[in-house]
Structure formats: structure tokens, C-alpha cells
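We did not get these values from a lab; they are worked out from the coordinates using the rules stated. Remember, predicted model here, so these are calculated numbers, not experimental data. Every residue, glycine as well, gets a Cβ built from its backbone with ideal geometry; the counts of neighbours run over all protein chains shown.
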Amino acid sequence: MAIIKLIEKCYLARHEENLVEEEEAYRMLQEIVRSPELLKAICGSCLKGPTSPELDKMSPEDIDKLDRLRKLEAKGFDVEKLQENLIKGKRNNFDDSD
């Protein structure tokens, strides 16, 4: 929504012939589009699976565990809760007291 508002500001400034505001809005928009990290921070991410940004902070051991759980899930096992706990960082993944 923030990016849409910025585009609207650029359009309205052009319509009002306010060249300073138009250029400022355009440059901000240009900076966002040219910086994938900034765009991702503003819009969020819809990536899932191995490309999920949630996995960036996980240790290699936890990523291997998650990969094994995905293989078990592909075979038909119900491991969704274990995967969620692993991604959230809970250490005791096999605790069914929840």
C-alpha cells in the first residue's frame, strides 16, 4: 500500500505541476525498485519452502532436520507441527504436551 501511495503522490505532483515533489516521489520510488532488500522489507515475502526468508536465521543442522521432515511429509507422514516448531526455533520438537 505504501508503494501505491508513493506512485499516487508522484502522479498528483505532476498533475499539480509541482516538479520538486514529483521528482522527490519518483526518486524514492526508483530507490525502492532498485533495491530488492528494501522492496522485500516494505512488501514482505510470500516465499515458502527452501527459499523462505525464515530459513535464513536457522543453523545448517536445523535446515537438514527440516529437509528430512519435508521428505517424511512427501511420504504421507503428518509432520506439519514439527516443521512449524522447528521454524519458530523451539528446541523440544517432540513434546506433545501442547
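Over all orientations, the stretch 2-43 has a Cα convex hull whose mean projected area works out to 2.5 square nanometres. Quick one: net charge around Phe77, please, counting Lys, Arg +1 and Asp, Glu -1 for every other residue with C-beta under 12 Å from its C-beta. Computed value for this residue: +2. For the stretch 2-43, the relative contact order works out to 35 percent when only alpha carbon pairs closer than 8 Å and six or more residues apart are counted.
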